[in-house]
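Heads up: the structure comes next, in structure tokens.
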Amino acid sequence: MDVVKLHPALGAEVRGVDLSKPVDATTKAAIAQAFNDHIVLVFKDQTLDETSQLAAGEIFGPVAIRRRPPGRQPGGDYDTPFMLVTNIVRPDGSSLGAFGDGEMWFHHDTSYYPEPHRATLLYAMKLPTHGGNTCFSNMYMAYENIPRPLRDRLEGRRVLQIHDYKRRERLNLDEIDFAKTRHFEQPIIITHPKTGRKALYISRLMSARIEGFSKAESEDALEQLFEIAENPAIVFEHEWSLGDMVIWDNWCSIHARKDFPRDQERLMRRLTIEGQAMSF
Ligand SMILES: [Fe+2]
């Protein structure tokens with residue numbers, strides 16, 4: 001097994017591992033270490049069915065079952081570990097999966113849960129001819145890049161993480177029905193539970209309001225933090241190929257999707273790894 005760095009800030013390709021076959025304990029340990037070191041791992045030319053993708057996921061921790069939102073009927077994409085990230089529509093007009101098409105702003109997955117997922121794993125099954133790249137940003141580096149006075153003001157504070165799948169728009173809190181919208185107040189700066197390193201924990205898509213700040217102070221600080229978090233110097237952009245399996249650390253990175261042609265199909269099979277509460 002070889003680990004080849006893909007970008008100075010984050011991202012590495014793992015070569016010499018066929019995830020469709022059983023992986024020995026030594027290799028699993030090396031992969032887990034590479035994951036902590038590089039935040040995003042890319043495994044190319046993989047042929048994965050659901051069983052082998054699940055086994056690949058378990059290298060990184062217990063695979064999470066997708067929770068149904070309150071009131072939603074059982075079945076579909078819920079109550080299983082798999083989710084299809086796709087714009088493909090069934091003959092009856094319903095969506096085959098979720099997060100359809102187009103651009104998606106930077107975010108952590110499930111930051112609005114009390115225990116955000118540890119990692120997300122995507123396997124590329126169908127791709128457009130161009131576009132749809134996924135960008136990842138290193139939130140350890142973002143933390144280091146916060147100017148000292150602002151960092152001091154953020155110490156020990158929480159931010160409201162909220163999501164209602166708008167994808168390209170910040171939420172207007174005055175119009176939100178909180179009873180129907182998943183949300184949770186998280187530390188703005190977390191200590192990564194596995195590495196012990198501090199990371200910035202905000203995103204343009206989901207971070208709405210800093211607790212204890214006035215609305216204007218909060219907007220001002222968040223805008224500065226979004227710029228720091230999205231600084232191109234700390235962003236690795238992955239251009240997908242069929243058979244790519246990519247896993248990212250969802251505690252110390254944010255990710256965004258670039259636009260792609262609406263008339264072309266894109267299909268990813270997604271798994272997430274169980275998380276835990278975030279702490280200062
Ligand atoms: Fe995501």
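The values are calculated or read from the model by the stated rules, or taken from the named source; none is laboratory data. Predicted model, so just to flag it, every value in this text is computed and none were measured. Cβ: placed from backbone, ideal geometry, glycine included. Neighbour counts: every protein chain shown.
If you take the residues of the range 206-234 that are among the hydrophobic types (A, V, I, L, M, F, W, C) and within 15 Å of the ligand (Cβ to nearest atom), which of them is nearest to PRO149 (Cα to Cα)?
The qualifying residue nearest to PRO149 (Cα to Cα) is ALA229.
Restricting to the range 245-261, and then to whatever is more than 11 Å from the ligand (Cβ to nearest atom) and part of a strand (DSSP E or B), can you tell me which residue is nearest to ALA9 (Cα to Cα)?
Restricting to residues being more than 11 Å from the ligand (Cβ to nearest atom) and part of a strand (DSSP E or B), the top hit is ASP249.
Just need a number here: residues in the range 101-151 that are under 17 Å from TRP251 (Cα atoms) and free of Cβ contacts under 8 Å to residues at least 24 places away in the same chain.
1
Which one of these does ILE146 not meet: (1) in a loop (DSSP other than H, G, I, E, B); (2) within 25 Å of VAL85 (Cβ to Cβ)?
(2)
Is it true that some residue in the range 220-237 is among the hydrophobic types (A, V, I, L, M, F, W, C) and in a strand (DSSP E or B)?
yes
Quick check: is even one residue across the range 180-199 among the polar types (S, T, N, Q), touching a helix residue (DSSP H, G or I) at 6+ places or on another chain (Cβ under 9 Å) and either part of a loop (DSSP other than H, G, I, E, B) or within 23 Å of ARG72 (Cβ to Cβ) (or both)?
Within the range 180-199, one or more residues are among the polar types (S, T, N, Q), touching a helix residue (DSSP H, G or I) at 6+ places or on another chain (Cβ under 9 Å) and either part of a loop (DSSP other than H, G, I, E, B) or within 23 Å of ARG72 (Cβ to Cβ) (or both).
So is LEU267 under 30 Å from SER52 (Cβ atoms), within 16 Å of the ligand (Cβ to nearest atom), touching a residue at least 60 places away in the same chain (Cβ under 8 Å) and surrounded by fewer than 20 Cβ atoms within 10 Å (Cβ to Cβ) or not?
When the stated conditions are applied, LEU267 passes them.
Could you tell me how many of the residues in the range 168-185 are out of contact with any His (no Cβ under 9 Å at 6 or more places or on another chain), in contact (Cβ under 8 Å) with a residue 40 or more places away in the chain and surrounded by 16 or more Cβ atoms within 10 Å (Cβ to Cβ)?
Here the count works out to 1.
Looking at ILE39, ILE88, can you tell me which residue is touching a Ser or Thr at 6+ places or on another chain (Cβ under 6 Å), in contact (Cβ under 8 Å) with a residue 60 or more places away in the chain and among the hydrophobic types (A, V, I, L, M, F, W, C)?
Result of the check over ILE39, ILE88: ILE39.
Show the residue pairs that are 6+ apart or on different chains and have beta-carbon atoms under 9 Å apart, the first residue being within the range 46-66 and more than 15 Å from ASP249 (Cβ to Cβ), the second being crowded, with 18+ Cβ neighbours inside 10 Å and among the hydroxyl-bearing types (Ser, Thr, Tyr).
Listed pairs, sorted by first residue: GLN46/SER52; GLN46/TYR123; LEU48/TYR123; GLN53/TYR123; ALA56/TYR123; VAL63/THR272; ARG66/THR272.
Could you please tell me which pairs satisfy a Cβ distance under 9 Å, a separation of 6+ or placement on different chains, a first residue in the range 1-24 that is touching a residue at least 60 places away in the same chain (Cβ under 8 Å), and a second residue that is part of a loop (DSSP other than H, G, I, E, B) and of a type in the set (Ser, Thr, Tyr)?
Going by the 9 Å Cβ cut-off, the qualifying pairs are LEU19/THR47.
Does ALA98 satisfy the criteria of being modelled with pLDDT of 95 or more, within 16 Å of the ligand (Cβ to nearest atom), within 16 Å of the chain's Cα centre (by Cα) and small (Gly, Ala, Ser)?
It is false that ALA98 is modelled with pLDDT of 95 or more, within 16 Å of the ligand (Cβ to nearest atom), within 16 Å of the chain's Cα centre (by Cα) and small (Gly, Ala, Ser).
Considering only the range 101-159, state which residues are surrounded by fewer than 16 Cβ atoms within 10 Å (Cβ to Cβ), more than 16 Å from the ligand (Cβ to nearest atom) and under 17 Å from the mean Cα position of the chain (by Cα).
Scanning the range 101-159 gives PRO114, GLU115.
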